[in-house]
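Taken together, the values in this text are just the output of simple stated rules run on the coordinates, not laboratory data. Only a predicted model underlies this, so the values are computations on that prediction, with no experimental measurement involved. Cβ sites come from the backbone with ideal geometry, for glycine too, and all protein chains shown count toward neighbours.
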Amino acid sequence: MDLKLKIWRQPGPDAEGKFVHYPVHNISKDASFLEMMDILNEELVANGEEPVAFDHDCREGICGMCSLYINGHPHGPDDSITTCQLHMRKFKDGETVVIEPWRAKPFPIIKDLMVDRTAFDEIIQAGGYVSINTGGVPDANAIPIKKENADLAMDAAACIGCGACVAACKNASAMLFVSAKVSQFALLPQGKVEAKRRVENMVAKMDDLGFGNCTNTYACEAECPKDISVANIARMNREFFVAKIS
Amino acid sequence: MTKLDSKIPAGPLAEKWTNYKAHQNLVNPANKRKIDVIVVGTGLAGGAAAASLSELGFNVKVFCIQDSPRRAHSIAAQGGINAAKNYPNDGDSIYRLFYDTVKGGDYRAREANVYRLAEVSNNIIDQCVAQGVPFAREYGGLLDNRSFGGALVSRTFYARGQTGQQLLLGAYSALSKEINNGSVEMYTRREMMDVVKIDGKARGIIVRDLVTGKLERYGAHAVLLATGGYGNVFFLSTNAMTSNGSAAWKAYKRGAFFGDPSFVQIHPTCIPVHGDYQSKLTLMSESLRNDGRIWVPKKKEDAEAIQKGTLSPVNIPEEDRDYYLERRYPAFGNLVPRDVASRAAKERCDEGYGVGNTGLAVYLDFKDAINRLGKNVIEARYGNLFQMYEKIVDENPYQTPMMIYPAIHYTMGGIWVDYELQSTVPGLFVGGEANFSDHGANRLGASALMQGLSDGYFVLPYTMQNYLADQIGIPHFPTDTPEFNETEKDVQDTIDKLFAVKGNTSVDTFHKKLGLIMWDFVGMARNKEGLEKAIVEIQGLRKEFWQNVSVPGEQTGMNVELEKALRVADFLELGELMARDALNRNESCGGHFRDEYKTEEGEAMRDDSNFMFVSAWEYKGVDKEPVLHKEPLIYENIEVKQRNYKTA
Amino acid sequence: MSVMYSSITKKIWMSLMGLFLMIFLVVHLGINLLLLFDPTRELFNVVAHFMGTNPIIQIFQWVLFAGFAIHIVLGITLQIQNWIARPKGYKVKASSEDTFFSRYMIHTGIIIMIFLIIHFANFFFKAKIFHSIPEFILNGVPTGMEDMGILVVQLFQLPEYVIGYIVALLILGFHLDHAFQSAFQSLGLSHKKYTPFIKGLGHIYSIVITLGYIIIPLFIYFTK
């Protein structure tokens, strides 16, 4: 199949960017989206042009490194997958495909389609852990945990930290990401111990970093490649409320 | 000639580690602050070690190639992590886990290391649960276990199909906690370029900032490499795009011996190759073999019709299906170890019974499991994997059997380390997949996560401390010394040399060619003739690379092509060493299968009298033959037998 | 006030005030509907008089003003912060993935605010500040109460006012449709069993409120 690509090119963090048009030809419908990008880059390299910079690593939908805002959707038009799992059969022959980077103040562009998501690491560093050291912990079966809660915690913990929620949100809010981590620990007895401190610190860090406010549009949930539920946001609101009044 | 000292502590097997810890040197808390440690890599081994060393009080500098330590490729492990908890009461024990691991590795692993691994496996589960890792649980609230290839007990703990992710996020959370405490300095988007040695000891590294393109220097009292495996030498593998062998290779070139480089694991359940533009292979968890049955058509004409697309597998009647694993290995059936399952698939496809349009695939069928347990149960167990398969292949595995084929997955070989996980360069420690490790010639499923975390949480924090105990008088290392200057210049020279080539062939083209040579001759089945040919071809390709590679762009700023070129340059040397090692090992064991050495039934035939050793290769210079050192393997606590998965 | 508080604190206040205003809307509608059942306007004027003079209600009136003020100030602050959080927008905007009305809360909110100002000018200021409302005369007998009802009836004789009122109320309906369930979400009241019920109730609430208010001008206009 042939496609018309419109790709955001920006040489560096402070440089001016613009959309550049690239036609690509004879792409197999079985190729993945990033393989299509590889083919484009091979052509660019062969012509002595600078290849398009984009983040990617595991190419199996789990590392969270790949991003790309494709035709108005983070991770492209297909549901419940990352860009690396998106396949060209989801596009029509001759279609125009607009590829943009994640747009949010706390995610500055590094180059082209590559953004800096260190802000997410900083939020986790503010409290996304159980404060225990290696060693000296009780037996793994010492505290039984309700299966339902363990499953809900796993649902939340499945977050890959890709930032699609921020990219999708009209407010560039990071609530889904933060609430997934807060929920995972809120649902487990191990995490309960420092629940108050955690939610306060993580939310404060999120606000400091300049993410927008959640207005419950639920675009994050719709675009999340791992289907993280907005019920986690409600849970975090609750945790926060309880923390503030206690 | 350097003598290999594996430093195995004296005493009975079960007491070695306890004795080691009881008598090792420690660093007093006030002095730990004076000591710097470098950790390269933030996967399970690196992340866990960095967090644990920081908790002890050392200053830790951590480097990772991705934009965040949370993205290391440990994250992609799906199935689970083994531990000898014996929660299901099915007869498991530390000894049995140790025994299965040594046997699974075809008696090419070091007894003392494996026993220690089995011993600390239980601590890992405790630690991870305390960190809030949401392992699967039963309705009673206790942890659930599943079974895995190569074992007769259920000892695998899991978190859906994302166990690696959850364990890595556990280690990442511990690391984040330490970054917040200020004792870990985190450097992301950095690639290690070389190890700096001062007076023969590892004292620092040169890294390249992948965003600015600048070379940077970091000094420390000890260096830990946890940089993963080198499976990407095959171009197509289940490894991540940035997974590479360069850090280990640079360590090798600086004097660390390379152990068993030819021991590579080929995973039997990957999605088959679909086109020459393909960039990577996707693994489908081995756990699928718990419920899926593997088969190919019995009749060659059926296989051919399927390859042509004129016949659907669902129309092949039961009696015309060859469940070849169940046929050949009645006791273990579809749960034979990975090497056995992979070779059996290759054997069927080579004979012309393969399916899919390439004929390079076999079926993994859930029809019986769905009939027996219901679609809901199968969906609960493997829903996410089935969904992933459908997204990639565009076929519904609930209706049509999945197609799978073996792919490069893991490298048992790596930098040779002693019992303390220290390489032959003092002060240079190596953990996780990067070391030649505890898996011998074949790794059992769910053991990589166990080894990574064992090294990271429970072994390296002790053994590195033992080394660092006599370093307390040495101040922080300045990085403007001649040693740093020279090493950085070496790196800069290599980069300049790459840009100077100005050829017209892309890096990926060379990488793909190398991958094909490796897959054809140093892959699932090897022979003398092929290996000799591979060595010559790799040398030729290497020469061509340095004459004709194209590296566009600038040295400064981000340059992905340069990054790839540096890695492929190393792979072109590493591939040759792998072929040499495979050529030298005139036997079949585990993942290393030589056509010349097999039983009449086609099973691997070991030669214990001549090859019961670890190959440790010493670098002697560019285009010079490396020197082989042998570490004999002595089994005092285990009876060495031919592996048998036909009867229990 | 609001810039200093955390995003979630602001949201909690936003939703608490919102819920409070939603209750007020029900009370207000209840009173307005009295006009439909009593052509003499007696019921309506009696209640209006009570609301305008009862000391408790008078105190509550200031709480209500505060509620409006907090809700509006917070809403605008949140929105400004949200615009700052994405300095450069996308070329292609997603349209389908979020709930429709949630996208336009600031827009509907501002229109409602403008309506509110007009509404105040027409009724509240006339009653409380200018005291320009005629006395209610029931069956030729002066009652000592202001004839709020006649004000309503007179205004709803004007077609432009009726149309403007209906448009404003429809926009209020859109605002409420998202607001109802959103308030519960912000307060953390989410449950896999009850959340679908709350969402359904939110739709019903917004439809009933909107239709309820709209019926009155239509009734008055067409029965004049």
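Please state the shape class of the stretch B:268-407: rounded when a/c is under 1.5, otherwise prolate if a/b exceeds b/c and oblate if not, all from the C-alpha gyration tensor. Here the stretch B:268-407 falls in the rounded category. Counting only Cβ charges, +1 for Lys and Arg and -1 for Asp and Glu, the dipole size of the stretch A:3-100 around its Cα centre is about 360 debye. Within the stretch B:117-140, list the residues whose amide N lies under 12 Å from a label point set 7 Å along Cα→Cβ of B:Asn637. Answer for this model: B:117-120.
Treating r as the C-beta distance of B:Leu628 and A:His21 and R0 as 60 Å, the FRET efficiency rounds to 0.60. Under the criterion of Cα pairs below 8 Å and six or more residues apart, the relative contact order for the stretch C:72-223 equals 23 percent.
Annotation: for a label point projected 7 angstrom from Cα along Cα→Cβ of B:Lys598, residues of the stretch B:440-461 with backbone N closer than 18 Å are B:442.
The eigenvalues of the Cα gyration tensor, multiplied by 5 and square-rooted, give chain C an equivalent ellipsoid with semi-axes of 36, 19, 17 Å from largest to smallest. Other residues within the sphere of radius under 15 Å centred on the Cβ of C:Val47, judged by their own Cβ, net out at -3 (K and R +1, D and E -1). Averaging the sequence gap over all C-alpha pairs within less than 8 Å and six or more residues apart, then dividing by the number of residues, gives chain B a relative contact order of 20 percent.
Rounded to whole numbers, the Karplus 3J(HN,Hα) couplings from phi for the stretch B:197-214 are 10, 10, 6, x, 9, 6, 10, x, 9, 9, 10, 10, 6, 6, 8, 8, x, 7 Hz, using 6.51 cos²θ - 1.76 cosθ + 1.60 with θ = phi - 60°, and x at Gly and Pro.
Only one residue of C:Ser132, C:His119, C:Ile12 has its Cα farthest out toward the positive end of the dipole of chain C, where Lys and Arg carry +1 and Asp and Glu -1 on Cβ, and that residue is C:Ile12.
Among the GluC sites (Glu not before Pro) found in the stretch B:576-620, those both in a DSSP coil and sparsely packed, with 13 or fewer other Cβ atoms within 10 Å of their Cβ, are B:Glu596, B:Glu600, B:Glu601. Counting every other Cβ atom within 10 Å of each residue's Cβ, B:Phe571, C:Phe60, C:Phe20 order from fewest to most as C:Phe60, C:Phe20, B:Phe571. Model label sites at B:Glu486 and B:Thr647, defined 7 Å from Cα along the beta-carbon direction, differ in position by 6.2 nm.
The ranking of B:Arg190, B:Arg327, B:Arg96, B:Arg526 from fewest to most other beta carbons within 10 Å of each one's beta carbon is B:Arg327, B:Arg96, B:Arg190, B:Arg526. How large is ³J(HN,Hα) for each residue in the stretch A:231-240, as worked out from phi by the Karplus curve 6.51 cos²θ - 1.76 cosθ + 1.60 (θ = phi - 60°), to whole Hz, x for Gly and Pro? Coupling constants for the stretch A:231-240: 4, 5, 5, 4, 4, 5, 4, 5, 4, 5 Hz. Give the shape of the protein assembly as shown as rounded, prolate or oblate, defined through the alpha-carbon gyration tensor: a ≥ b ≥ c are the square roots of its eigenvalues, a/c under 1.5 means rounded, and otherwise the shape is prolate if a/b is larger than b/c and oblate if not. Because a/c hits 1.5 or more and a/b exceeds b/c, the protein assembly as shown counts as prolate.
For the stretch A:30-124, the set of chymotrypsin sites (Phe, Trp or Tyr not before Pro) satisfying both a DSSP loop assignment and a count of at most 11 other C-beta atoms within 10 Å is empty. Here the label points at C:Lys224 and B:Lys497, each 7 Å from Cα along the C-beta direction, are separated by 9.4 nm in the simple model.
May I ask you to list the trypsin sites (Lys or Arg not before Pro) in the stretch B:547-601 that are in a DSSP loop and have at most 16 other Cβ atoms within 10 Å of their Cβ?
Values: sites: B:Lys564, B:Arg567, B:Arg580, B:Arg585, B:Arg594, B:Lys598; in loops: B:Arg585.
Filter output for the stretch B:547-601: empty list.
About the centre of its Cα atoms, the protein assembly as shown shows a dipole size close to 2040 debye [charges on the beta carbon of Lys, Arg (+1) and Asp, Glu (-1) only; nearest 20 debye]. Packing order of peptides B:28-39, B:510-521, A:160-171, highest average first: A:160-171, B:510-521, B:28-39 (average count of other Cβ atoms within 10 Å over each peptide's residues). Couplings 3J(HN,Hα) for the stretch B:537-553, derived from phi with the Karplus relation 6.51 cos²θ - 1.76 cosθ + 1.60 (θ = phi - 60°), are 5, 5, 4, x, 5, 4, 4, 4, 4, 6, 9, 9, 7, 10, 10, x, x Hz, where x marks Gly and Pro.
For B:Val196, the residues whose modelled amide H falls within less than 5 Å of its own, excluding neighbours fewer than 5 places apart on the same chain, are B:Arg203, B:Gly204, B:Ile205, B:Ile206.
Taking other Cβ atoms within 10 Å as a rough exposure proxy, A:Asp2, B:Asp455 sort from fewest to most as A:Asp2, B:Asp455. Computed per residue of chain A from DSSP H runs no shorter than four, each worth -39500 (n - 2.57), the mean residue ellipticity at 222 nm is -10500 deg cm²/dmol.
Grab the DSSP H runs of chain C that are 4 residues or longer, score each as -39,500 (n - 2.57), total them, divide by all residues and round the 222 nm result to the nearest 500 deg cm²/dmol.
Numbers: 8 runs with 157 residues, N = 224.
My calculation for chain C gives -24000 deg cm²/dmol from helical runs alone.
Modelled spin labels at C:Thr40 and B:Asp368, positioned 7 Å past Cα toward Cβ, are 8.9 nm from each other.
Can you work out the FRET efficiency for the pair B:Thr509 and B:Glu326, with r the C-beta to C-beta distance and R0 = 45 Å, to the nearest 0.05?
Numbers: r = 42 Å, r/R0 = 0.94.
That gives a FRET efficiency of 0.60.
Need one word for the stretch B:391-509: rounded, prolate or oblate. Basis is the Cα gyration tensor (sqrt eigenvalues a ≥ b ≥ c); a/c below 1.5 gives rounded, then a/b vs b/c decides. Please report the intermediate quantities before stating the final value.
On the way: a/c = 3.19, a/b = 1.30, b/c = 2.44.
Because a/c hits 1.5 or more and a/b fails to exceed b/c, the stretch B:391-509 counts as oblate.
Per residue, the convex hull spanned by the alpha carbons of the stretch B:482-613 comes to 131 Å³.
Using a Förster distance of 56 angstrom, determine the FRET efficiency expected from the C-beta separation of C:Ile150 and C:Leu189, and round it to 0.05. Don't skip to the end; give the middle numbers.
Details: r = 43 Å, r/R0 = 0.77.
For C:Ile150 and C:Leu189, the calculated efficiency is 0.85.
Close amide H pairs (under 5 Å, H built 1.01 Å from N) link B:Phe613 with B:Leu633, residues at least 5 positions away or on another chain. Working from Cα pairs under 8 Å separated by at least six residues, relative contact order for the stretch A:118-245 is 34 percent.
Rounded to two decimals, what is Rg over Rh for the stretch C:40-120 when you use alpha-carbon atoms and the Kirkwood radius?
For the stretch C:40-120, the value is 1.18.
In this structure the amide hydrogen of B:Asn527, modeled in the peptide plane, comes within under 5 Å of the amide hydrogens of B:Asp595, none closer than 5 places in sequence on its chain. Over chain B, DSSP H runs of length four or greater, each weighted -39,500 (n - 2.57), average out per residue to a 222 nm ellipticity of -11500 deg cm²/dmol.
For chain A, the longest principal axis of the C-alpha atoms and the axis of helix A:175-186 are separated by about 30°.
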